[in-house]
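A short worksheet on the structure shown next.
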Amino acid sequence: MTLEFYRVVHLIGVFLTIMSLSGLCVFASVGNKEEKPMWPRLLTALHGIGLVVVLVAGFGLLAKMKVDWPWPTFVWIKFVVWLVMGGIVVLIKRAPRLALPLWWISLALASAAAWAAKMHPGGL
Ligand code: HEM
């Protein structure tokens, strides 16, 4: 598997994760679970799959880039973003009134991860 293969798979995982988060926020805000139970179930499953794909391809990228432990700062930033993106689903479901701020927070998290991936704060 090439570096570029892992990069594409990593990005597909990212798109799956943020599209699911966005959908869960909108559904929490305007959706009706009784009428449309399939959507939250599907989006929650896709969110989980997205996170796994991001993680596996992300570590594939690290291996190809020969980035070893201890991780450089940019990897820690992305790992924390990944953890928060995992936990945020619970908040969306427990506090649907926060759906809009959580939507913006998800966008900010993804932007921080992209920034860290391109700028490598603290070096490689
Ligand atoms: C454990 C979690 C993660 C790991 C180990 C990881 C690892 C990586 C690595 C090694 C790169 C390549 C950096 C380079 O080219 O110098 C990368 C690129 C990237 N990552 Fe992650 N990442 C993780 C989570 C995330 C998350 C949660 C997001 C966004 C939601 C994200 C978005 C991106 C983006 C946009 C790129 C740039 C791809 C490109 O160069 O075209 N990553 N990631």
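The values are calculated or read from the model by the stated rules, or taken from the named source; none is laboratory data. Quick caveat, the model's predicted, so the values are computed rather than measured. Cβ: placed from backbone, ideal geometry, glycine included. Neighbour counts: every protein chain shown. Calculation scope for accessible area: heavy atoms of the full protein, side chains included, ligands and nucleic acids excluded. Shrake-Rupley method; radii C 1.70, N 1.55, O 1.52, S 1.80 Å.
Report, to the nearest 10°, how far helix 73-94 tilts away from the longest principal axis of the Cα atoms in the chain, using its own Cα long axis and a range of 0 to 90°.
With rounding to tens, the tilt is 10 degrees.
Give the carbon-plus-sulfur fraction of the accessible surface of the chain in %, rounded to a whole number; probe 1.4 Å, heavy atoms of protein chains only.
Details: 5720 of 7750 Å².
Carbon and sulfur atoms account for 74 percent of the accessible area of the chain.
Once R0 is set to 30 Å, what does the formula 1/(1 + (r/R0)^6) return for the Cβ-Cβ distance between Leu98 and His120, expressed as a FRET efficiency to the nearest 0.05?
Working: r = 32 Å, r/R0 = 1.08.
Calculated transfer efficiency: 0.40.
If you find the alpha carbon centre of region 35-84 and of region 107-124, how far apart are they in angstrom?
Measuring centre to centre over Cα atoms gives 14 Å.
Taking loop as defined by DSSP and a crowding limit of 11 other beta carbons within 10 Å, which chymotrypsin sites (Phe, Trp or Tyr not before Pro) in region 39-93 fit? Spell out each step's value before the answer.
Working: sites: Phe59, Phe74, Trp76, Phe79, Trp82; in loops: none.
The qualifying sites: there are none.
Hey, with R₀ at 30 Å, roughly what FRET efficiency would Asn32 and Leu107 work out to, going by the Cβ-Cβ distance, to 0.05?
Working: r = 25 Å, r/R0 = 0.84.
E between Asn32 and Leu107, to the nearest 0.05, is 0.75.
Report Rg/Rh for region 60-116, rounded to two decimals, where Rg is the Cα radius of gyration and Rh the Kirkwood radius.
Values: Rg = 14.0 Å, Rh = 12.6 Å.
Reported Rg/Rh, Kirkwood definition of Rh: 1.11.
Just to confirm the number: angle between the C-alpha axis of helix 3-30 and the first principal axis of the chain, 0 to 90 degrees, nearest 10?
Tilt relative to the chain: about 20 degrees.
Using only Cα atoms, tell me the angle between helix 99-119 and the longest principal axis of the chain; keep it within 0 to 90° and round to the nearest 10.
Computed tilt is about 10 degrees.
Could you tell me which residue out of Val90, Ala63, Gly123 lies farthest along the dipole of the chain toward its positive end? Charges go on the beta carbon: Lys and Arg +1, Asp and Glu -1, centred on the Cα centre.
Final value for the positive-end residue is Val90.
Give the residue list of trypsin sites (Lys or Arg not before Pro) in region 19-124 that are DSSP loop and have at most 15 other beta-carbon atoms within 10 angstrom. Please list the in-between numbers first.
Numbers: sites: Lys33, Arg41, Lys64, Lys66, Lys78, Lys93, Arg94, Arg97, Lys118; in loops: Lys33, Lys66.
Listed in order of number, the matching sites are Lys33, Lys66.
Rounded, prolate or oblate, given the Cα gyration tensor of the chain, with a/c below 1.5 counting as rounded? Write out the running numbers ahead of the final one.
Working: a/c = 2.98, a/b = 1.92, b/c = 1.55.
It comes out prolate by the Cα gyration axes.
Note down the net charge around Leu43, summing +1 for each Lys or Arg and -1 for each Asp or Glu among other residues with Cβ under 15 Å from its Cβ. Each step should come with its number before you reach the end.
Numbers: positive: Lys33, Lys36, Arg41, Lys93; negative: none.
Counting the neighbours of Leu43, the net charge comes to +4.
Can you give me the accessible area per residue for region 3-119, using a 1.4 Å probe, in Å²? Display every interim value, and only then the final one.
Details: 7200 Å² over 117 residues.
Here the per-residue accessible area is 62 Å².
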